[in-house]
Amino acid sequence: MTKQLNDLFDFLRFPSISTDSNHVSDVRHCADWLIQKLSGMGLDTELHETARHPIVIARNTHQADKKTCLIYGHYDVQPVDPVELWDSPPFEPEIRDGKIWGRGATDNKGQMLAHILGVEETLKEKGELPVNLIFLFEGEEEIGSPNLVPFLEKHKADLACDVIAVSDTGMVAKGVPTMGYGLRGITCCEVTVKGPSGDLHSGLYGGAVANPATAVARLVASLHDANGHIAIDGFYDDVRPLEDWERKMWAKVPGVSDDDTLAITGSHAAFGEPGFSSAERLWARPTAEVNGIGGGYQGEGSKTVIPAEAMAKFSFRLVPDQDPEDISSKVQAHLEKHCPEGVTLDVEVGHHGKPYICDPHSENGKAGQIALEKAFGKAPVLIREGGSIPVIQDMKEILGVEPLMLGLALPDCQIHAPNENFYVENFEAGIQLNRALLQELA
Ligand code: BES
Ligand code: ZN
């Protein structure tokens, strides 16, 4: 195994699950490993404590005549459940079929380490970098980056830069370099509906009192009309219409037809707002999704019961120029309006993130495209992303620079799911991409 793969395996062995309080020290050990790796490369490192997981910074010696390039990544990962569905243990990485398997392989350790190793190769070869470099790595992306925004505000002057690069997004298909120029935003909430003071016999009381599970089902059903159009008042008010050039360009992007979407997801039919292709629905239209729903008896066989309470978790993906706070209040008003009588409704608002869009043809954008072309041997496609990285828009607002998104995640990489994987080929291309990127940006 190469030294570079060995580094990735070491990095992947830390169960740095940010959401799980049982893993606080694993997240910390992972940050310590990064500090060691980065200082071993001759960079100046800083570990910044936060209320939860540390932020890692590394820099070379800056020179007044060079451009400053900030590279962002996250070293925390998602939980592994359901762990029984993994073909190999999530934190014991291995290579099978040309892929590295393990939690974080793609999201985001593999992509992040490609940045680091691109820098390491350049340093070994040339003794210095063509840019002033700032690495900014956080351990809280998967929980909504609660401490990064205050950190950015506080250290704004130290983080001043000319360009920001991030590899935490996708490629539309293997071998097709992809530059993202947009991300969806997000707002989440959880509803709890309560009825009787305890579970009831459904024969003794069914028909005479409201059933909380039915109420939750009604709320869920109230979010869309039969065509998949979101039925919340004012939800689409600020949605920026797709531009003609984007529709034309996206129609030619490989890997994102309705059929591709079906094949990748294993779904039975493409479904969504009428009048939009799968790519348009994913990249330029907002959504209302149920992420979880529960209540009542879930065990084997039947149990005749009226549950005392039921719940659902919702997330809404947002596009420019929707505002998460505004949508969150429209959602709450909608839920209150549609909650049936005879139960109580409690809405707990979760995390927010703004949508992001930038000009892919800016000077930095062009440099990013050339670097992708150098690494992959062909010109990149330009897309927006369906996923969210809230801190990208925050960085744009606070540091005044539009981050470039040079993603390496493939549609079958299974991020956030069992059997997450990263092609060795993409890891290697990612290292070359980062070398080319520093050169082009300089
Ligand atoms: N790297 C992903 C986001 C992503 C993946 C964007 C692939 C585009 C393509 C990131 O780690 C992530 O999962 N973000 C969360 C948001 C967060 C607020 C929990 C998401 O999109 O659900
Ligand atoms: Zn993620």
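Among the residues making up the range 273-287, those that are of a type in the set (Gly, Ala, Ser), within 18 Å of ARG240 (Cβ to Cβ) and buried (at least 17 other Cβ atoms within 10 Å of the Cβ) are SER277, ALA279, ALA284. Against the definition (open to solvent by less than 30 Å² (accessible area, probe 1.4 Å), in contact with a helix residue (DSSP H, G or I) (Cβ under 9 Å, 6 or more places away or on another chain) and closer than 30 Å to ILE327 by Cβ), how does VAL172 come out, yes or no? Against the criterion (open to solvent by less than 30 Å² (accessible area, probe 1.4 Å), in contact with a helix residue (DSSP H, G or I) (Cβ under 9 Å, 6 or more places away or on another chain) and closer than 30 Å to ILE327 by Cβ), VAL172 qualifies. Pairs are defined by a Cβ separation below 9 Å, a sequence spacing of at least 6 or placement on different chains, a first member in the range 257-275 that is touching a residue at least 24 places away in the same chain (Cβ under 8 Å), and a second member that is part of a loop (DSSP other than H, G, I, E, B) and open to solvent by 80 Å² or more (accessible area, probe 1.4 Å); the pairs so defined are GLY272/ASN227; GLU273/ASN227; PRO274/ASN227. Of the strands (runs of 3 or more DSSP E) that lie entirely inside the range 33-77, those containing 2 or more residues that are modelled with pLDDT of 95 or more, open to solvent by 40 Å² or more (accessible area, probe 1.4 Å) and over 17 Å from CYS161 (Cβ atoms) span 44-48. Consider the range 250-272 and keep the residues that are part of a helix (DSSP H, G or I) and charged (D, E, K, R). The one that is surrounded by the fewest Cβ atoms within 10 Å (Cβ to Cβ) is ASP259.
Matching residues to (1) more than 9 Å from ligand 1 (Cβ to nearest atom); (2) open to solvent by 10 Å² or more (accessible area, probe 1.4 Å); (3) touching a strand residue (DSSP E or B) at 6+ places or on another chain (Cβ under 7 Å); (4) at pLDDT 95 or above:
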| residue | (1), (2), (3), (4) |
| --- | --- |
| CYS161 | yes, yes, yes, yes |
| ALA165 | yes, no, yes, yes |
| ILE186 | no, yes, yes, yes |
| THR192 | yes, yes, yes, yes |
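The condition of being out of contact with any helix residue (DSSP H, G or I) (no Cβ under 7 Å at 6 or more places or on another chain) and more than 16 Å from ligand 2 (Cβ to nearest atom) holds for only one of LEU219, LEU204, that being LEU204.
Considering (1) in contact (Cβ under 8 Å) with a residue 24 or more places away in the chain; (2) out of contact with any Lys or Arg (no Cβ under 9 Å at 6 or more places or on another chain), the lone condition that PHE14 does not fulfil carries the number (2). Determine, yes or no, whether ASP412 is assigned to a loop (DSSP other than H, G, I, E, B), open to solvent by 30 Å² or more (accessible area, probe 1.4 Å) and touching a helix residue (DSSP H, G or I) at 6+ places or on another chain (Cβ under 8 Å). Spelling it out, ASP412 is indeed assigned to a loop (DSSP other than H, G, I, E, B), open to solvent by 30 Å² or more (accessible area, probe 1.4 Å) and touching a helix residue (DSSP H, G or I) at 6+ places or on another chain (Cβ under 8 Å).
Just one of the numbered conditions (1) under 24 Å from LEU437 (Cβ atoms); (2) touching a residue at least 12 places away in the same chain (Cβ under 8 Å) is not true of ARG52: (1).
Yes or no: the range 371-387 includes at least one residue that is out of contact with any helix residue (DSSP H, G or I) (no Cβ under 9 Å at 6 or more places or on another chain), within 27 Å of VAL256 (Cβ to Cβ) and within 16 Å of ligand 1 (Cβ to nearest atom). Looking through the range 371-387, at least one residue is out of contact with any helix residue (DSSP H, G or I) (no Cβ under 9 Å at 6 or more places or on another chain), within 27 Å of VAL256 (Cβ to Cβ) and within 16 Å of ligand 1 (Cβ to nearest atom).
For the range 329-349, the count of residues that are closer than 30 Å to GLU246 by Cα and within 16 Å of ligand 1 (Cβ to nearest atom) is zero. The set of residues in the range 91-112 that are open to solvent by 10 Å² or more (accessible area, probe 1.4 Å), away from ligand 2 (no atom under 14 Å from the Cβ) and touching a residue at least 60 places away in the same chain (Cβ under 8 Å) comprises PHE91, GLU92, PRO93, ILE95, GLY98, LYS99, TRP101. Across the range 234-249, the qualifying residues are those that are part of a helix (DSSP H, G or I) and hydrophobic (A, V, I, L, M, F, W, C), and the one among them that is least open to solvent (accessible area, probe 1.4 Å) is MET249.
The values are calculated or read from the model by the stated rules, or taken from the named source; none is laboratory data. Treat the numbers as computed from the prediction; the structure is a model and nothing was measured. Here Cβ is always computed from backbone atoms with ideal geometry, including for glycine, and neighbour counts include all displayed protein chains. SASA here: full protein model, heavy atoms, side chains in, ligands and nucleic acids out. Shrake-Rupley method; radii C 1.70, N 1.55, O 1.52, S 1.80 Å.
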